[in-house]
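Asker: Before I ask anything, here is the structure I am working with.
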Amino acid sequence: MRGGLSLILCAAGSLAASVMAQASALDEGVHDEVISGDALPRDLAEFGFFTDAAARDAAPGVHAYELNTPLFSDGAEKLRYIYVPEGEQLGAGGEGLLQFPVGSAIIKTFAFAGQFIETRVLLHRADGWLALPYRWNEEQTEAKLALAGGRVDLTTPQGEAISYRIPNKNQCKSCHSVDGQVIPIGPKARNLSGEWLTQMHSEGWLDQTPEGADAMPQWHDASASIQSRARAYLDVNCAHCHRPGGGASNSGLDLRWEQDDPFAIGVNKPPVAAGRGAGGMLVSIAPGEPEKSILVHRMDSVEPGVAMPELGRSTIDEDAVAVMREWIAGMDR
């Protein structure tokens, strides 16, 4: 009995020591050597992005941000952060992506009903960007590296029961790749609020407030033009693949916000390969006829091989489909 008690006390002491060590590590702030090193950290806490194990309080140098028009992910709530090393600045290169110095990181946590599911990080290392997914445990005490991805059964805010997919490392790369190089796709100046950019500049984290910033509308702002809402949605949800150098560049579609050629964005454009994803329709966007537009058909489906985007959703974004229908219906035939 005495030996058993000793083992219990020893285990309790080890647990307490582990908790104290974790708390001490969290107090140290962001670990720049972990971001810039060669290793793949097994635990999200190793980066020191947050001062608490529950990842609710950002460490110094970690800045929360929001997007005017966000990526749709089955209705997930998203907590977004940027980390910039002390003494470094973000670069404002116009309305496009902000320029991140080596040693920076982008952190995005996905949550449903207040429960963290996964946190994705993009690390800017000397040899380029690295994308890593981390999966949270049910106790919400830690997030472990999930190179192979995973599945989580949950209910969306719309009440749909789904098997949510955490992407594996290669799937992260497939969406974040342009000309074979991994890049960020979210923090574009045009999709960030002018107030946030001005604040980042005034605090010395951004070299200047970029021109063309804050151009995309707030997604749920009904007072914004239907065209601007539709184009913003396509830029955020589709253009990382449907653009020159993107994973779907062979489609010939260029859905970036800055593209102003109607044919390039799909107006009266036949598909390159008319498979079942086309649904028997002849063009990506048929002006005045959303019911004959491949773009609407694919957004309004969850069938594998038809649904677009291919990754990142298991449900239909009904609001987005409605916006696309209204936008296309209002086009001159």
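Asker: Do you know the relative contact order of the chain, to the nearest whole percent, from alpha carbon pairs under 8 angstrom that are 6+ apart?
Answerer: It rounds to 13 percent for the chain.
Asker: For the chain, what % of the accessible area comes from carbon and sulfur atoms, probe 1.4 Å?
Answerer: 52
Asker: Which whole-angstrom value gives the distance between the alpha carbon centres of the stretch 265-294 and the stretch 110-165?
Answerer: Between the Cα centre of the stretch 265-294 and that of the stretch 110-165, the gap is 34 Å.
Asker: Work through the residues other than Ala126 whose Cβ is under 15 Å from its Cβ and net out their charges, Lys, Arg +1 and Asp, Glu -1.
Answerer: My count for the surroundings of Ala126 gives -4.
Asker: So how far apart, in nm, are the two label points at Asn250 and Asn168 if each is 7 Å from Cα heading toward Cβ?
Answerer: 2.1
Asker: Need one number: % antiparallel among DSSP beta bridges in the chain, to the nearest 5.
Answerer: Percentage antiparallel, nearest 5: 95.
Asker: Could you work out the local net charge near Leu154, counting Lys and Arg as +1, Asp and Glu as -1, over the other residues with Cβ closer than 14 Å to its Cβ?
Answerer: -2
Asker: Here is a further query. What list of whole percents do you get for P(r) of the stretch 215-333, with Cα-Cα distances grouped in 5 Å bins up to the one holding the largest distance?
Answerer: The percentages, shortest bin first, are 2, 12, 22, 28, 23, 10, 3, 0.
Asker: Please give every one of the aspartates and glutamates within straight-line cross-link reach of Lys188, meaning a C-alpha to C-alpha distance under 14 Å, and leave out same-chain neighbours fewer than 8 residues apart.
Answerer: Glu66, Glu95, Glu211, Asp214, Asp235, Glu258
Asker: What's the percent breakdown of Cα-Cα distances in the stretch 86-237 across 10 Å bins, shortest bin first?
Answerer: Here the calculated profile for the stretch 86-237 is 10, 30, 36, 23, 2.
Asker: Filter the chain for me: DSSP H helices, axial length by Cα at least 15 angstrom, mean Kyte-Doolittle hydropathy not below 0.0. List them by residue number.
Answerer: Membrane-span-like by this criterion, though nothing is claimed about a membrane: 2-27, 318-329.
Asker: Let me know the Kirkwood hydrodynamic radius for the chain, please, with Cα pairs as the basis and the value in Å to one decimal.
Answerer: Kirkwood hydrodynamic radius for the chain: 21.6 Å.
Asker: Around Ala76, under 11 Å between beta carbons, what's the net of Lys plus Arg minus Asp minus Glu among the other residues?
Answerer: Summing Lys/Arg as +1 and Asp/Glu as -1 gives 0.
Asker: Accessible area per residue for the stretch 110-238 in Å², computed with a 1.4 Å probe and the full protein assembly in place, what is it?
Answerer: 46
Asker: Turning to a different aspect of this structure: Can you give me the Kirkwood hydrodynamic radius for the stretch 46-89, using every pair of distinct Cα atoms, in Å to one decimal?
Answerer: About 12.1 Å, per the Kirkwood formula over Cα pairs.
Asker: Additional query: Put one equal scatterer on each alpha carbon of the stretch 197-251, apply the Debye formula with no solvent term, and list log10 I(q)/I(0) at q = 0.21 1/Å to two decimals.
Answerer: -0.86
Asker: Then there is this: Each label point is 7 Å from the Cα along the Cα-to-Cβ direction; what then is the distance between the points at Glu160 and Asp52, in nm?
Answerer: 3.3
Asker: What are the GluC sites (Glu not before Pro) within the stretch 126-157 that DSSP puts in a loop, where the Cβ has at most 12 other Cβ atoms within 10 Å?
Answerer: Glu138, Glu139
Asker: In debye to the nearest 20, how big a dipole does the chain give about its Cα centre with +1 on each Lys and Arg Cβ and -1 on each Asp and Glu Cβ?
Answerer: For the chain, the charge dipole is close to 1020 debye.
The values are calculated or read from the model by the stated rules, or taken from the named source; none is laboratory data. Because the structure is a prediction, the values reported are computed rather than measured. No Cβ is skipped: glycine too gets one built from the backbone with ideal geometry, and neighbour counts run over all protein chains shown. Only protein heavy atoms, including side chains, enter the accessible area calculation; ligands, DNA and RNA are left aside. Shrake-Rupley method; radii C 1.70, N 1.55, O 1.52, S 1.80 Å.
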